[in-house]
Amino acid sequence: MGASSALRFEIQVAPSSCPDDASAIPTRGATRIRAQDGQTLLRALQAANAPILSVCGGQASCGACRVRIETDDLADLTPAGRVEGALLDCLDDPLPGHRLACQVVLTPALSGLRLTLAP
Amino acid sequence: MNVTMKQSDFEAVGEAFSLKQMFEQRDRTREVIGAIAAAVKPGMVEEDAVDMAKGMLAERKMLRGWHDVYVRFGTNTTKTFGEASDPGIVLGDTDIFLIDIGPVFEKWEGDGGDTFVFGDDPEMARAAVDARAIFHAARKLWLKDGLSGQALYAFAVEEAEKLGWALNMDLSGHRLSDFPHSVIYDGPMADMTFTPSPALWVLEIHIRHPTRPFGAFFEDMLLDDSYFPA
């Protein structure tokens, strides 16, 4: 069975000149979140009250903010850095689409990014 | 602090909690601190020491941590928890460094910190000794008199001042549990008005020199004397 729509998100990234608005808009397939240019994915999800945990404060240490990026969207992201990659490799049940939300910096080019919170 | 919470709420544990596992993780944490300390040498750059420490944690399947890995050299030993180190600090022949790690092994959190000295600077040596001494003095009073978290840290502040140090109250104790303790209580032990129970809390002591740019750190679980062999 697929992930509940409550755990699936689509990110819309506004240019930095636009006013801050972290509203979450439920849609049939996924909850659409408006985020700001330069915000981390973790901050955007937290601002929209998504049920995501961060224990280490965005240091790529705890792995609690691991998300699964839709396969088709993965290529749009800057690849995981050395620290993030090392942590992802040591977490349980690693999958190719996994990223740490605290390490993904959003830009308007990433608008439409789709992800699931459930690992 | 949520004033409606009771001691049992602050001291709740998760489904995976096991005292046996917590003590084993404590042992693993102390072991790797010793191994990291033994591998740190004068001339190393702090960032390389952090990378080395992460490698050693990864070898032990403890790269995942509930907080970041800190190996701080020289002037960076004054930095508070979570504060970024000044970059490029090289450990001198006469110098001080601290280690602060919070590794998670499978489902259980560890937490440990200690300070080490190279060379013959007597004040640096005394800082490392005193951080540990204040930890044990406070811990022993907790054992003897059942001090609350608040009283325990009030004592630690006085004890540090008596010895000529300033205690950094940004690091004033916290819960430890099965991962993650932060969903139970993420605040300081120094706010607690009750006597903290053994094996559920970490007592942390971070002192700073009053005039020179260095500090020292020691932390471990709050436990009775039998867990601290002489």
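The values are calculated or read from the model by the stated rules, or taken from the named source; none is laboratory data. Keep in mind it's a predicted model, so treat the numbers as computed, not measured. So basically every Cβ, Gly included, is an ideal-geometry build from the backbone, and we count neighbours across all protein chains shown.
Summary table below
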| quantity | calculated |
| --- | --- |
| So B:ASP178, is it under 29 Å from B:LYS20 (Cβ atoms), of a type in the set (D, E, K, R) and more than 14 Å from chain A (Cβ to nearest Cβ) | no |
| Selection within the stretch B:45-66 - of a type outside the set (Asp, Glu), more than 11 Å from every other protein chain (Cβ to nearest Cβ) and buried (at least 22 other Cβ atoms within 10 Å of the Cβ) | B:ALA49, B:ALA53 |
| Hits in the stretch A:75-99 (condition: within 13 Å of another protein chain (Cβ to nearest Cβ), among the charged types (D, E, K, R) and surrounded by fewer than 14 Cβ atoms within 10 Å (Cβ to Cβ)) | A:ARG82, A:ASP89, A:ASP92 |
| Qualifying residues in the stretch B:93-124 (those that are touching a Pro at 6+ places or on another chain (Cβ under 9 Å) and surrounded by 19 or more Cβ atoms within 10 Å (Cβ to Cβ)) - the one farthest from B:GLU24 (Cα to Cα) | B:ASP95 |
| Any hit, the stretch B:189-204, residues being crowded, with 17+ Cβ neighbours inside 10 Å, within 14 Å of chain A (Cβ to nearest Cβ) and either of a type in the set (Asp, Glu) or more than 16 Å from the chain's Cα centre (by Cα) (or both) | no |
| Selection within the stretch B:22-36 - closer than 15 Å to B:TYR227 by Cβ and not β-branched (Val, Ile, Thr) | B:MET22, B:PHE23, B:GLU24, B:GLN25, B:ARG26, B:ASP27, B:ARG28, B:ARG30, B:GLU31 |
| Residue list for the stretch B:155-165, filter: surrounded by 15 or more Cβ atoms within 10 Å (Cβ to Cβ) and either without any contact (Cβ under 8 Å) to a residue 24 or more places away in the chain or within 19 Å of the chain's Cα centre (by Cα) (or both) | B:PHE155, B:ALA156, B:VAL157, B:GLU159, B:ALA160, B:TRP165 |
| Test: residue in the stretch B:67-83 that is in contact with a Cys (Cβ under 8 Å, 6 or more places away or on another chain), within 14 Å of chain A (Cβ to nearest Cβ) and at pLDDT 95 or above | yes |
| Residue in the stretch B:169-187 that is in a loop (DSSP other than H, G, I, E, B), under 28 Å from B:VAL104 (Cβ atoms), touching a helix residue (DSSP H, G or I) at 6+ places or on another chain (Cβ under 7 Å) and of a type in the set (Ser, Thr, Tyr) present | yes |
| Some residue of the stretch B:84-94 being among the aliphatic types (A, V, I, L, M), out of contact with any strand residue (DSSP E or B) (no Cβ under 8 Å at 6 or more places or on another chain) and within 14 Å of chain A (Cβ to nearest Cβ) | yes |
| Filter pass, A:CYS102 being within 12 Å of another protein chain (Cβ to nearest Cβ), surrounded by 15 or more Cβ atoms within 10 Å (Cβ to Cβ) and assigned to a loop (DSSP other than H, G, I, E, B) | no |
| Strands (runs of 3 or more DSSP E) lying entirely in the stretch A:1-74 (those with 3 or more residues that are at pLDDT 95 or above and more than 14 Å from every other protein chain (Cβ to nearest Cβ)) | A:66-69 |
